[in-house]
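Sharing a structure with you now.
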Amino acid sequence: MATILPGRTRFALDISVTFESPTERAQEHDLLLSVNHDQETARELSLYKASDDFWRSDTIIEWPPGLEKMELEVLSKKPDGRKTSLCLTDLFRESFENGLPQNAQDTLTTFNVKMKITDDPDGRFSNIPIEEQILALPDDHTQKRDLLSQIGGELLTSFAQTKSKVDLDGSVMMYKKLVQLDPSNSSAHGSLGIALLARSDLIEGDIEDLQHGILALERAQATAADDKDVIRYLDLLGPAYQLSYYRRSDTAVIDKAIAACRKTVELTPEGHSDMRKRLDLLGYAHEWRFERCMDINDADAAIAAKKRVVDLTPENHADAPRYLSRLGQSYLLRFQNGGTEKDVRRAIAAHQKAIHISTNDHDALPKILVNLHECYVSQFERNNDMKYLDSAVAVLRQAIEVTPNGGKEKTNILKKMYDCYYARFECKGIISDVDNAISEAQKAIQLTTSGSDDMASWLYSLGDAHYCRFKRTGSLNDLDESILALQKAVQITPDGHYMNTLCASHIYRFGRTGHFEDIEEAIVTAKRTIELFQGVDNAEKVAGYYANLGASHQRRFDHTKDINDVDIAITAYEKAIQILPRPIAVASEDELSSAGYLNNLGGSYVCRYVCTNDVHNIEEAISSLQRAVELTPAGHTKMLDHVSNLSLAFSYRFWHSQDVKDIEEAIIVVERALRSVPKDSEQVGDYLAVLGSLRERYFQYNRDPKHLDAAILEQVQSINLTPDDHPSMVNRLLQLAQLYASQFGHTADTYDLELMIKYFRLATVHPTGAPSSRLNAARKWSSIFLPFADFHSESFKAYEFAFQLLPEVVWIGDAIKDRHTQLRSLSNFSNEAAAVAISLGEFKAALEWLEQGRCIVWNQLNSLRTSVDDLHEKDPALVENLQRTSKQLEGAGSRQANVTLSGTIEEKISLQTEVKLHRQLGMEWNTLLNQARQLPGFEEFLKPIKFSQLSAGLPHSGYVVILNVHPIRSDALVLVRSSAEPIHIPLVNFSYEKAEDMRKSLNAILNIHGARTREVWLGATKLDASYSNKERARPLNPPEDLVQMARTGRFTTDGHPSATTLSMILSELWTGVVKPILDALEITGNDVSESLPRFWWCATGPLAFLPLHAAGLYTTDLLAPKSKTSDLVVSSYIPSISSIIERRNPSNSPYFSGILAISQPNTPDLPPIPSTTKECQMVLNKFNASSLDAKVLEDVAATVQEVSECMNSYNWIHFACHALQKADDPMKSAFYLQDGRLELASIMDKTIVDADFAFLSACQTSTGDEKLSEEAVHLAAGMLTAGYRSVIATMWSINDNYAPLITEDVYSYLLQSNRKGEPLDSSHAAHALRYATRRVQEKLQDVIGLELALLCSVPYIHMGL
């Protein structure tokens, strides 16, 4: 029978169909069940096949009340959609017990059908809600109330096990109906309240269910029959009231909670097992009201209730530790809100006793230990005594040990440990604390699920800790790690969180490295953050974002001196101050933030004063900074920054007004702040250092020695109070050295001189100082003695230390672009050191230093490619690691920051990861080098090259001439293979100033003639490329027609035409530099060009940009025999001596494998240079005529990929195309090809086997960067680094019409040897270029004039062997 409840029937059907025909049995059948009766429209139900000949209905069939009969029909659905009836029967109510008649009204005889009622024996319909059946019963049904109570209870019980909201919804439905039918049923109200509170907990934050649940329980309690029921409902109401208060912050509700809890306690007999629990709830209720209303009576009542709980609990009870700790927390709460030290001591005693009676596996022990740590932290915050923070750390260590991994409890404890280490570091400055904070963050990240909110928070904490350690140590690695962690945090929190700190890290890294990518990223991040939070009701956050925008622009101003950045910074800081709420408490976060923004605003006004000399700005600065100091509590760590900036502002006003009151006020401000700082604070040393600087300025004003004595005393005290590993130590030692320098200048006492030298040396050799700071100290040490020749020996000592630091400052673990950024600040470093060494007669040291200080990046790249075959015999594993690391470093070094400011956070994380890995490779490389140097015989492995190695590797004939120009002296040092000592030639009639003037004049001349791109000179008649010695060119139009080359008009100075010409520059070079050298070497020349001596010029400073190879007397009135460089020597240039040392193949040139010629007459978006086609065709014809392999890639065939690949197959190459020297990013200097640029960075990455000769018939291929004069950062040097032994390049742009003439003569000369049956030899390239340029200059001089002829011929130079 299918009846479940009176008046309601449900049933399912099992249908057996027997197909007697074999054909029917073989077919697939789709059966349907049609149900039809007079209370609804007929419907068809699917039947599914349970087994052979057996189907079941997939849907339950309802028998409506009052229905007497329904019609059931089994249908077979054909593939074409037609339906055939198999069985049709009427079902009556009274037929249920006996089933259905068999074979009723069979429509076919080939099968029979049986239908049988089933009670769902396999449970297919067991989840059908029964409550609907109950609710459908008439309200006056005798069983309805009992059924509502029964099913409501069963569903509530079921929910306790399943946590299924469906069960809970059913229970609430049952009890609501029961309460409606029986309003006086206290039990029904109570059960409804319980169900509603359960659903409120299930749906966190559901206020409506919570409030209705409380109302139901209140009614239940009000109508309860006895105290037992009253207590039961009050037990439920107390926590419910507290939860309602938590969600709604309604004080009236917590009052009800206290009343309910108090009444349960009153109604509970003494000794009852529930008394502890009820007292505990009463204590919590009072605590909540105390936190809301700050009525001390509530704190007292909470303590009294929890103390009774402890008194009622035996120590051996399982909950005794938990109750003791809760009592401790009540004492702590009172202490934190105006209580006495007695409260916190009682709190600590309670927690300690709880720990004492707990076993290590007690589930409450980790929480109790955390509570004890909170007591110590609160004591530290109240008393600023570090011993309490130490105790907190010790307790948390124990908590971590007893807390199992895998749960959030462990990471919560790690966060508290992180906070303690961080706070202790900020107070004591002990580096191990921030190390430990980083370690705790890393542990927590390992335990945290990827992508969770907690992960973002931990990544932020990790980034913040690295950022904090960077500010302490100055380690760039920490700043990189900080940015990487913060980028990852931002990635998984797209709502803009953590972007502010990321912005700050970029600002600091820009200050450390000078990389503009960082400050631009900081500005973009700050603007994006402001946009994201516009309209957000959090003024403090938004103010912080404006402050970061101001800081970003301020930092950029520090670098660019663009006053617009200062103006934007001032506006941003003023906006931050304007939108920050007025502080509501002394030393509140808002007040401290305002002070910080005012401090920054004052600093920006100081910068604007420096730019404008407008005293109004310094007045604004002082006003803002004074307000910042007023808002900062005495003794606060931020006070140092504020008084330092205020004292600086007073100093500037003092310099402006010469009013001594300003410098005195500056000193008073710092002294006042110092008196408020604890004597054991690390900041005492910082304040003393500031005071020392102020007193030294006072001394410089009035020369009163007492100020200098006081400054020295304070600086000594500052050093004594500064930890040795503090990043400021080097600067403080340096400052003290400079104070003694002032003292020595005043007293001339040798004791002061000795102390000055002592502290300069200590600053330079300080073991934990940043290499850049130590190098700066060494340079200050050397420079202070530079003007005094008698003290050059002291400068010499400083340079010895400085060169040891150079590889650490220009580090192989940085990208090449970043190394060049560092080198810009060291542009004259090696020149200065060499000048000092030469003045002392230390010529070998001068050469070694020039070699170490020149082409640093090239030398680092070459070191990565150095053969390690000899080392392989000693340690094969070490060699394998060296080769692997060198290969990775070479690729990492030339990485480019291709991610734009609009790039995705994923792209920026990828780039930051590359930076991190590169630094790790750099550290690994240094470790491997140290390991190699421990092996016998390899002590000097890849160390800076010595003079003995330099001289031993020189070419067998010729002269290597190193030219050093510096403001204190100019010299030539000449190396000859046959001489054991350098030949010193003073250039007494030449100076650095002359070289710089000549460089500027040459640039002006080139600008007049537009000699910065290879272009067609319109109006010029082309020379026949096949002229002979006696032939002359056809006439040309006047030089005035060469206007396309002249972009800037005639060269002028102060509005007047300049009389400087290229021939005049070449004349000065001859008389001041070249002739004195040739005379000293007694080189007088001969008439056989092939026997002229080779000269390899290695020039420094501005001389590196001047054409020494073309120096001479060219004008008619000065013309004399043997009066030009090319008359007497064959010139080549070298970027460094090492570049021509014959390491790989000293005896033979590589075998010629073919020449690849690149022609680009019509490069997209660049001026046409049609002669390149003729030029490369001529190259092809000449080599084919000599039966030598040659290939031309022209126009669209010359793609970047094709040229790069072909370079590996041809060891001679000829470029006839546009080229570019990028001064702002030298590694992007490039050859322009059909589909892009072949950049210097890519060429440097190549290692071409047997690469021999390269002719760069393009513009500016050896121009270099004037700010990196010692680095030879140009395409020609890149070709040498890629392996080419001999390179022809150009110092400035060349003319497209005449370039083929030079090219033809060069190859005609080189191919002479092939015609004589000798192999091609690229070492003849220098002779060939001399031959070609002299011929072209001679030919053009009669046609276009001397000056233009020189412009066409002089730019070509030879580099290498």
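State the number of residues belonging to region 112-164 that are modelled with pLDDT under 85, of a type in the set (Lys, Arg) and open to solvent by 40 Å² or more (accessible area, probe 1.4 Å).
Here the count works out to 4.
Quick one: what pairs do we get from region 937-949, first residue closer than 14 Å to Ile1141 by Cα, second of a type in the set (Val, Ile, Thr) and modelled with pLDDT of 85 or more, C-beta under 9 Å, 6+ apart or different chains?
Filtered contacts from region 937-949: Ile945/Ile1137.
Looking at the structure I just gave you, is Leu137 in contact with a strand residue (DSSP E or B) (Cβ under 8 Å, 6 or more places away or on another chain) and either touching a residue at least 24 places away in the same chain (Cβ under 8 Å) or farther than 30 Å from Lys263 by Cβ (or both)?
It is true that Leu137 is in contact with a strand residue (DSSP E or B) (Cβ under 8 Å, 6 or more places away or on another chain) and either touching a residue at least 24 places away in the same chain (Cβ under 8 Å) or farther than 30 Å from Lys263 by Cβ (or both).
Separate question: Would region 638-650 turn up any residue that is farther than 24 Å from Leu733 by Cα, modelled with pLDDT of 90 or more, open to solvent by 60 Å² or more (accessible area, probe 1.4 Å) and over 34 Å from the mean Cα position of the chain (by Cα)?
No, there is no match, as no residue in region 638-650 is farther than 24 Å from Leu733 by Cα, modelled with pLDDT of 90 or more, open to solvent by 60 Å² or more (accessible area, probe 1.4 Å) and over 34 Å from the mean Cα position of the chain (by Cα).
Is one or more of the residues making up region 329-344 in contact with a His (Cβ under 8 Å, 6 or more places away or on another chain) and either buried (at least 22 other Cβ atoms within 10 Å of the Cβ) or in a loop (DSSP other than H, G, I, E, B) (or both)? Lay out the reasoning, then the answer.
First, the residues of region 329-344 that are in contact with a His (Cβ under 8 Å, 6 or more places away or on another chain): none.
Looking through region 329-344, none of the residues is in contact with a His (Cβ under 8 Å, 6 or more places away or on another chain) and either buried (at least 22 other Cβ atoms within 10 Å of the Cβ) or in a loop (DSSP other than H, G, I, E, B) (or both).
Would you point out which residue out of Leu694, Leu713 is assigned to a helix (DSSP H, G or I), open to solvent by less than 20 Å² (accessible area, probe 1.4 Å) and on the phi < 0 side of the Ramachandran plot?
The match here is Leu694.
If I filter region 229-241 for residues that are more than 30 Å from Asp311 (Cα to Cα) and surrounded by 15 or more Cβ atoms within 10 Å (Cβ to Cβ), do I get at least one hit?
Let us first name the residues in region 229-241 that are more than 30 Å from Asp311 (Cα to Cα), namely none.
No, because not a single residue in region 229-241 is more than 30 Å from Asp311 (Cα to Cα) and surrounded by 15 or more Cβ atoms within 10 Å (Cβ to Cβ).
For Pro678, work out the one condition from (1) modelled with pLDDT under 90; (2) within 22 Å of Pro771 (Cα to Cα); (3) open to solvent by less than 60 Å² (accessible area, probe 1.4 Å) it doesn't fulfil.
Only one criterion is unmet by Pro678, namely (2).
If a residue must be small (Gly, Ala, Ser) and free of Cβ contacts under 8 Å to residues at least 24 places away in the same chain, how many such residues does region 1299-1326 contain? Spell out how you get there, then give the answer.
Filtering region 1299-1326 down to residues small (Gly, Ala, Ser) leaves 1299, 1308, 1313, 1317, 1322-1323, 1325-1326.
Pick out the ones that are also free of Cβ contacts under 8 Å to residues at least 24 places away in the same chain and you get 1313, 1317.
Residues that pass the stated criteria total 2.
Still on this structure, I have one more. Under 9 Å between Cβ atoms, at least 6 apart or on separate chains: pull out the pairs that start in region 385-402 with a residue that is farther than 22 Å from Glu341 by Cα and end on any residue that is outside any helix (DSSP H, G or I) and open to solvent by 60 Å² or more (accessible area, probe 1.4 Å).
Glu401/Asn360; Val402/Asn360; Val402/Asp361
Cβ-Cβ below 8 Å, separation at least six or inter-chain, first residue in region 298-315 and of a type in the set (Val, Ile, Thr), second surrounded by fewer than 18 Cβ atoms within 10 Å (Cβ to Cβ) and assigned to a loop (DSSP other than H, G, I, E, B): which pairs?
Once the first residue is of a type in the set (Val, Ile, Thr) and sits in region 298-315, its partners that are surrounded by fewer than 18 Cβ atoms within 10 Å (Cβ to Cβ) and assigned to a loop (DSSP other than H, G, I, E, B) give Thr313/Asp319.
Does any residue of region 1327-1342 turn out to be open to solvent by 30 Å² or more (accessible area, probe 1.4 Å), of a type outside the set (Gly, Ala, Ser), without any contact (Cβ under 8 Å) to a residue 12 or more places away in the chain and not in a helix (DSSP H, G or I)?
No: zero hits.
For region 1189-1296, which strands (runs of 3 or more DSSP E) that fit wholly inside it have 3 or more residues that are on the phi < 0 side of the Ramachandran plot and surrounded by fewer than 22 Cβ atoms within 10 Å (Cβ to Cβ)? Outline the logic, then answer.
Values: elements: 1190-1194, 1212-1216, 1230-1233, 1236-1239, 1253-1257, 1286-1290.
In region 1189-1296, the matching strands (runs of 3 or more DSSP E) lie at 1190-1194.
Is it the case that region 988-1011 has a residue that's in a loop (DSSP other than H, G, I, E, B), at pLDDT below 90 and open to solvent by 20 Å² or more (accessible area, probe 1.4 Å)?
Step one: list which residues in region 988-1011 are in a loop (DSSP other than H, G, I, E, B), which gives 988-991, 1009-1011.
In the following step, the residues that additionally are at pLDDT below 90 were identified as 1009-1011.
With open to solvent by 20 Å² or more (accessible area, probe 1.4 Å) added as a condition, the list becomes 1009.
Checking region 988-1011: at least one residue is in a loop (DSSP other than H, G, I, E, B), at pLDDT below 90 and open to solvent by 20 Å² or more (accessible area, probe 1.4 Å).
So Ala485 clears everything in (1) farther than 28 Å from Gly769 by Cβ; (2) open to solvent by less than 10 Å² (accessible area, probe 1.4 Å); (3) among the small types (Gly, Ala, Ser) except one condition, right? Which one?
(1)
I'm checking my understanding of the structure. Among residues of region 268-293 that are more than 17 Å from Ala318 (Cβ to Cβ) and more than 58 Å from the chain's Cα centre (by Cα), which one is most open to solvent (accessible area, probe 1.4 Å)?
Among residues in region 268-293 that are more than 17 Å from Ala318 (Cβ to Cβ) and more than 58 Å from the chain's Cα centre (by Cα), the one most open to solvent (accessible area, probe 1.4 Å) is Glu270.
Based on what the data block shows, is Gln221 over 25 Å from Met174 (Cα atoms), polar (S, T, N, Q) and assigned to a helix (DSSP H, G or I)?
On the way: over 25 Å from Met174 (Cα atoms): no; polar (S, T, N, Q): yes; assigned to a helix (DSSP H, G or I): yes.
For Gln221, the condition - over 25 Å from Met174 (Cα atoms), polar (S, T, N, Q) and assigned to a helix (DSSP H, G or I) - is not met.
Also, quick follow-up: So His351 fits all but one of (1) crowded, with 22+ Cβ neighbours inside 10 Å; (2) not in a helix (DSSP H, G or I); what number is the exception?
Condition not satisfied by His351: (2).
Based on what the data block shows, is Asp300 farther than 22 Å from Pro366 by Cα, open to solvent by 70 Å² or more (accessible area, probe 1.4 Å) and modelled with pLDDT of 90 or more? Give the derivation first.
Details: farther than 22 Å from Pro366 by Cα: yes; open to solvent by 70 Å² or more (accessible area, probe 1.4 Å): no; modelled with pLDDT of 90 or more: yes.
Taking the combined requirement at face value, the residue does not satisfy it.
Give me the residue from region 431-450 that is of a type in the set (S, T, N, Q) and out of contact with any helix residue (DSSP H, G or I) (no Cβ under 7 Å at 6 or more places or on another chain) and, out of that set, most open to solvent (accessible area, probe 1.4 Å). So that I can check it myself, show each step before the final result.
To start, the set of residues in region 431-450 that are of a type in the set (S, T, N, Q) comprises 432, 436, 439, 442, 446, 448-450.
Applying the additional criterion that residues be out of contact with any helix residue (DSSP H, G or I) (no Cβ under 7 Å at 6 or more places or on another chain) yields 432, 439, 446, 450.
Working: Ser432: 52, Ser439: 39, Gln446: 156, Ser450: 105 Å².
Across region 431-450, the extreme among qualifying residues is Gln446.
Of the numbered conditions (1) of a type in the set (Gly, Ala, Ser); (2) at pLDDT below 80; (3) part of a helix (DSSP H, G or I), Gly496 satisfies every one except a single condition; which is it?
For Gly496, the exception is condition (3).
Still on this structure: Kindly check whether there is at least one residue in region 865-872 that is within 22 Å of Ile816 (Cβ to Cβ), open to solvent by less than 70 Å² (accessible area, probe 1.4 Å), at pLDDT below 80 and not aliphatic (A, V, I, L, M).
Start the filter on region 865-872 by keeping residues that are within 22 Å of Ile816 (Cβ to Cβ), which leaves 865-866.
Next, from what is left, pick out any that are open to solvent by less than 70 Å² (accessible area, probe 1.4 Å): 865-866.
Next, only the ones that are at pLDDT below 80 stay: 865-866.
If we keep only those that are not aliphatic (A, V, I, L, M) as well, we get 865-866.
Taking every residue of region 865-872 in turn, at least one turns out to be within 22 Å of Ile816 (Cβ to Cβ), open to solvent by less than 70 Å² (accessible area, probe 1.4 Å), at pLDDT below 80 and not aliphatic (A, V, I, L, M).
Looking at Ile1158, Ile1169, which is the one that is of a type in the set (A, V, I, L, M), open to solvent by less than 50 Å² (accessible area, probe 1.4 Å) and under 20 Å from Gly1010 (Cα atoms)?
On the way: Ile1158 fails: under 20 Å from Gly1010 (Cα atoms).
None of the other options fit; the residue is Ile1169.
Of all residues in region 969-986 being assigned to a strand (DSSP E or B) and open to solvent by less than 50 Å² (accessible area, probe 1.4 Å), which is farthest from Tyr959 (Cα to Cα)?
Initial filter on region 969-986 (assigned to a strand (DSSP E or B)): 969-975, 983-986.
Pick out the ones that are also open to solvent by less than 50 Å² (accessible area, probe 1.4 Å) and you get 970-975, 985.
Working: Ser970: 19, Asp971: 15, Ala972: 12, Leu973: 10, Val974: 7, Leu975: 6, Ile985: 13 Å.
Filtering first and then ranking leaves Ser970.
Hey, another quick one. What are the residues in region 172-217 that are surrounded by fewer than 19 Cβ atoms within 10 Å (Cβ to Cβ) and either among the acidic types (Asp, Glu) or at positive phi (or both), if any?
If the condition is that a residue be surrounded by fewer than 19 Cβ atoms within 10 Å (Cβ to Cβ) and either among the acidic types (Asp, Glu) or at positive phi (or both), then Asp182, Asp201, Glu204, Gly205, Asp206, Glu208 are the ones that fit.
The values are calculated or read from the model by the stated rules, or taken from the named source; none is laboratory data. What you see is a predicted model, and the numbers here were worked out from it, not measured in a lab. Neighbour counts run over all protein chains shown; Cβ positions are idealised from the backbone, glycine included. Ligands, DNA and RNA are excluded from the accessible area calculation, which covers all protein heavy atoms including side chains. Shrake-Rupley method; radii C 1.70, N 1.55, O 1.52, S 1.80 Å.
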